[in-house]
Amino acid sequence: MYLVGRWISRSLVVLALLAGSVVMLLPLAWMTSSAFKPLHEVMRIPPTWIPEEPTLENFRAVFAQFPFGRYFLNSLITSSLVTLSVLITSAMAGYALARFQFPGRDVLFIMILASLMIPFQTRMIPIYQLAITLHLQDTLLGVMFPWLVDAFGIFLMRQFMLTIPSDLIDAARIDGASEWRIFWAIMLPLVRPALAALAIFTFLGAWEEFLWPLIITSSDASRTIPVGLQFFSEQYGTNIHWQMAGALIAALPMLVVFFLLQRQIIEGIALTGMKG
């Protein structure tokens, strides 16, 4: 009886997860399907899930009407550089906070944690004023400016590095290894899972960022693809098939990252949950 009840409960959980997955995937499936349909088929009632007249004309029109190629390149550059900067600064700061003793270390770490509790909207005005003072408006560096250092990344790397036995570091110091060599040759290989998780989440977050690029940019030269897609939808609001094609282009890198690195993403979620 116990086994039957356990089987039933597990089956209900599986069915609930499947139902939730279907609900979550429906908008993505509709977007993908509509991106390859002409407008009259998108507007058809009842709708069709598989395009009866598949076409690539929507994608050609998107790139012809708006500089989506430039937006895509800007997003790729900014997201990649932000990810690289966060990995470097988080690993170095995490190592210093985890393994060095210096005055004010704990106070500094508490301040870093406190910054996680302040919404970005609260910090946006002083960050914007600082960016204007530094003449970063309407530049790719201005788009990246608030995200080059990440408090959560520092927290994650510190917590993970604390789990590494001190004996390894002490042995390396006794052998005459410099702090830089210890950091590069010992610590970084051991925290590779945390670095991979941080890289994935940072890249996806930077790619999806909309509010700050909308505020700091004013020309196509520095707009990212979420902002460009918003301007495109405002100008061509009635062309739903074009909007779906543009949305699919914007979502494509995230889909590729997920399908290629889904194992690392799942491990990263578990990792951040355990170490955070």
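The values are calculated or read from the model by the stated rules, or taken from the named source; none is laboratory data. All values derive from a computational prediction rather than experimental measurement. Every residue, glycine among them, receives a Cβ derived from its backbone with ideal geometry; neighbour counts consider all protein chains shown. Each accessible area value is taken on the protein alone, full model and side chains, heavy atoms only, with ligands, DNA and RNA left out. Shrake-Rupley method; radii C 1.70, N 1.55, O 1.52, S 1.80 Å.
At Ala19 and Ser115, where each label point lies 7 Å from the Cα along Cα→Cβ, what is the point-to-point distance in nanometres?
So the label points at Ala19 and Ser115 sit 4.4 nm apart.
Need one number: the % of Cα-Cα pairs in the range 41-116 sitting beyond the 21 Å mark.
In whole percent, the long-distance tail amounts to 62.
If the chain between Leu252 and Asp175 were fully stretched, how many nm would it gain, using 0.36 nm times the residue separation less the Cα-Cα distance?
22.9 nm
How big is the charge dipole of the range 54-183 about its Cα centre, in debye rounded to the nearest 20, if each Lys and Arg gets +1 on its Cβ and each Asp and Glu gets -1 on its Cβ? Walk me through the intermediate numbers first.
Numbers: 8 positive and 8 negative charges, 36 e Å.
The calculation lands at about 180 debye.
Tell me the carbon and sulfur percent of the accessible area for the range 130-276, rounded to whole percent, probe radius 1.4 Å.
Taking all protein chains in place, the range 130-276 shows 66 percent carbon and sulfur surface.
Could you give the angle, 0 to 90 degrees to the nearest 10, between helix 225-235's Cα long axis and the longest principal axis of the Cα atoms of the chain?
Once rounded, one gets 30 degrees.
Under the definition of Cα pairs under 8 Å and six or more residues apart, what whole-number percent is the relative contact order of the chain?
Once divided by the residue count of the chain, the mean separation gives 30 percent.
Taking only the alpha-carbon atoms of the range 87-131, what semi-axes of the equivalent ellipsoid follow from 5 times the gyration tensor eigenvalues under a square root, in whole Å, largest first?
25, 13, 9
Across the Cα atoms of the chain, what radius of gyration and what greatest pairwise Cα-Cα distance (Dmax) are found, in Å?
Considering the chain through its Cα atoms, Rg and Dmax are 23.5, 75 Å.
Give me the net charge for the shell around His40: Cβ to Cβ below 13 angstrom, other residues only, Lys and Arg +1, Asp and Glu -1.
Once all neighbours under 13 Å are counted, the net charge is -2.
Give or take rounding to whole Å, what are the principal axis extents of the alpha carbon atoms in the range 1-99, in descending order?
Sorted largest first, the three principal extents are 63, 62, 14 Å.
What Kirkwood Rh does the range 110-232 have if only Cα atoms enter the pairwise 1/r average? Answer in Å.
Result for the range 110-232, one decimal place: 17.1 Å.
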